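Q: For reference, the structure I am asking about is given below.
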Amino acid sequence: MLFALSSDTIIDLIHAHAALELLSVSPDSEIRTLLTPILDREHPEPLELMVKSSFAQAALRLMPCVSDGCLSDPSMLRLDLNLPRSFPSSLVTALRRQLELAVAMDVLDAVVTVSLLPNLTVSATLAVEMAGRFRERRDEAMSSILSSLRTPCRPFVRHRGY
């Protein structure tokens, strides 16, 4: 099944998670210096490139279940996944959302990790913990995607009441 992910939707998800993190830190925290540049909508190019890169990484992680993919359209990232025959069509949207979440969390992990390296400060521990949380969320999303793709769904069995 072909999944078309909007870069804009993934960027909105990144902005939402970054904003939520910013709400939980003090106004003078150096974590703000790490996450505030992500929220800059006037310079979207670096974030768009990171989304594309993280999407490619996600596609490679899912490789045994991928039949095709396309990164040439910058606004729409396409991935053709081999779904189990009994995969419920009602859960396709949930699978797509998990894929978007995995890409968004991978970008946030990369941004925090890359920003941290030259700025080892007192808040380095906080940044490492935050990057770890993003990585955990990404791994959970990827794990749920892989288990959905590898595990055949149980068939519907009607139970008679007699």
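Q: Positive end of the dipole of region 7-72, charges at C-beta (+1 Lys, Arg; -1 Asp, Glu), about the Cα centre: which of Thr33, Pro46, Leu62 has its Cα farthest in that direction?
A: Result: Leu62, furthest along the dipole toward the positive end.
Q: Now for a separate question. Given N residues in region 57-105, what is Rg(Cα) / (2.2 N^0.38 Å)?
A: 1.17
Q: Could you check how much of the accessible area of the chain is carbon and sulfur, as a whole percent, using a 1.4 Å probe?
A: 58 percent
Q: Shifting gears a bit: Around Leu2, with a cut-off of 14 angstrom between Cβ atoms, what is the net charge of the other residues, counting Lys and Arg +1 and Asp and Glu -1?
A: Spelling it out: positives minus negatives among the neighbours equals -1.
Q: Would you calculate a helix-derived [θ] at 222 nm for the chain, using -39,500 (n - 2.57) for each DSSP H run of n ≥ 4 and dividing by the full residue count, to the nearest 500?
A: Theoretical 222 nm ellipticity from helices: -19000 deg cm²/dmol.
Q: Can you compute the charge dipole magnitude of the chain about its Cα centre, using +1 on each Lys and Arg Cβ and -1 on each Asp and Glu Cβ, nothing else charged? Give it in debye, rounded to the nearest 20.
A: 1160 debye
Q: Can you give me the distance in nm between label points at Val25 and Asp139, each placed 7 Å from the Cα along the Cα-to-Cβ direction?
A: Taking the simple label geometry, Val25 and Asp139 are separated by 2.2 nm.
Q: Let me ask something else about it. How big is the Cα convex hull of the chain in projection, averaged over all directions, in nm²?
A: So the Cα hull casts an average projection of 12.2 nm².
Q: Which value, in Å², gives the accessible area per residue of the chain when a 1.4 Å probe is used on the protein heavy atoms?
A: 60 Å²
The values are calculated or read from the model by the stated rules, or taken from the named source; none is laboratory data. Nothing here was measured: the structure is a model prediction, and the numbers come from that model. Cβ sites come from the backbone with ideal geometry, for glycine too, and all protein chains shown count toward neighbours. Ligands, DNA and RNA are stripped out before the accessible areas are found, and what is left, the full protein with its side chains, is counted by its heavy atoms. Shrake-Rupley method; radii C 1.70, N 1.55, O 1.52, S 1.80 Å.
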